[in-house]
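Asker: Below is the structure I would like to discuss, written out as structure tokens.
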Amino acid sequence: MKILILGAGRVGQSVAASLLSERNDITIIDTDPVRLRELQDRMDLRGVVGNGIQPSVLREAGIEDADMLISCAPLDETNLVACKVAHDAFNVPTTIARLRSPEFVDGSPLLGHEGGFAVNQVICPEQSVTAYIRKLIEYPEALQVLEFADGLVSLIAVRAGPGAPLVQHCLSEIPALAPSAPMRVVAVYRGDKVIDSLNGDTRIEPGDEVFVLAATADIRRVLHALAPRVEPVRRLMIGGGGKVGLRLARELQASYRIKLIERGRTRCEYLATELPAPVLVLEGDVTDEELLESEGVRDMDLFLALTDDDEDNIMACLLAKRLGARRVFSLINRQAYADLVQGGQIDIAISPAQTVIGELLAYVRRGDVEAVHSLRHGAAEALEGVVRGDRKTCRMAGRRIDEIALPAGAQVGAIVRGLEDADGKRQRARAEVLIAHHDTVVQTGDHVIVFVPTKRLLREVERLFQVSATFFF
């Protein structure tokens, strides 16, 4: 697929790196020649210097035969205009815009193709990060909680803890040990390595990172079966009052006791006017040990470092943990930093780019793919595909799970049946969640969630969802 990316900032670079790993043809447009030169030295992509809203620059970048434009420039207006020009002047099939303003949402007439800015999909890293963090606060035992099938199914990553009911037991024992929480373990990571060929004899050991698919209604029971219970979050401290910090404080203020630390005085004054009185806004440096100690970080259930400086976030989390904060999360843009600190003294490293990359990947995938989530900092993936056709035209339809030619390591974890009626309209209340077993038969119209341990297997999995008039099994 030929993809043009406008903007070589952090989001644009992360998107480019992820899409390049899947052998897409990437051209990136930016006004900074030095940044583009550095990117071309590190990645196998083409750089074009210029203003991406100008037709001449887009033409030089090869937009006339591009399949997709992803506009990640810093300004909303630039991204909106670039999508409009790409659609109207060059008939680009798919346009995606990064938009920070809440005024522009998917489905708005302002973004439509008739009289609007012709944006197919909106991505907002700040919104995605906030939603991601909220799930982790709601389920404190989890390392990751990702939703599929309109929220009916969740993929949960959890660190197996000593003493939990399923730890030190084999996968074949799970139904008997946790009968009230149907689940499917789709991957187990021990250290940095995935355990190959999961089977009934695979044992869950303390410290394993376990990925489980289950109905969203059963999340708490699944977590309690794999990890020691953690006290719910009631008090939290946010370091950094930028877009993410403000959005998170605004959404959580009704349910939690919050202290927010921001360095800039002008920004503090703005935050104080935007947030209700129960949120305490403090002027100061998140890496100031005396400030953290005096404001009672030791009493916090959760400390979140959400500034735009990776080093400050890491240092603030290390200080907060040493001073007694129960759990600490750090926002980290650099992938190398995130890999280095995750799971050590810093409980969870949050990558803004990885939280939005799945929203983009659903547009890149072949076959009828509805949702994609990136896992293990981009090394693995889980996708939700819709089965179309019949046994003669689709490699999944009408087959038992053990008859499907899944690549080694890939796992079908769950199936949602009846989510769409005959006309394709959603009927969430009538949908049924099925935890996949070897003898479960996949039917036309099913939403199937597949865990893929490495990206090199993705094309094989995508082909399983594709409908072919000439395929016979």
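Asker: Across the chain, how many lysine pairs, 8 or more apart or on two chains, come within less than 22 Å at their alpha-carbon atoms?
Answerer: Value for the chain: 8.
Asker: Can I ask one more? Just to confirm the filter: which GluC sites (Glu not before Pro) across the range 49-109 are DSSP coil and have at most 11 other Cβ within 10 angstrom of their Cβ?
Answerer: 103
Asker: Residues of the chain: accessible area per residue at 1.4 Å, in Å²?
Answerer: 44
Asker: Sticking with this one: How about the range 107-185: which GluC sites (Glu not before Pro) there are in a DSSP loop, with at most 15 other Cβ atoms within 10 Å of their Cβ?
Answerer: 114
Asker: At 1.4 Å probe size, with the rest of the protein present, what percent of the exposed accessible area of the chain is carbon and sulfur atoms?
Answerer: Answer for the chain is 48 percent, counting heavy atoms of protein chains only.
The values are calculated or read from the model by the stated rules, or taken from the named source; none is laboratory data. On a predicted model such as this, the values are computed, not experimentally measured, just so you know. In this analysis, Cβ positions are derived from the backbone assuming ideal geometry, glycine residues included, and neighbour counts consider all displayed protein chains. Only protein heavy atoms, including side chains, enter the accessible area calculation; ligands, DNA and RNA are left aside. Shrake-Rupley method; radii C 1.70, N 1.55, O 1.52, S 1.80 Å.
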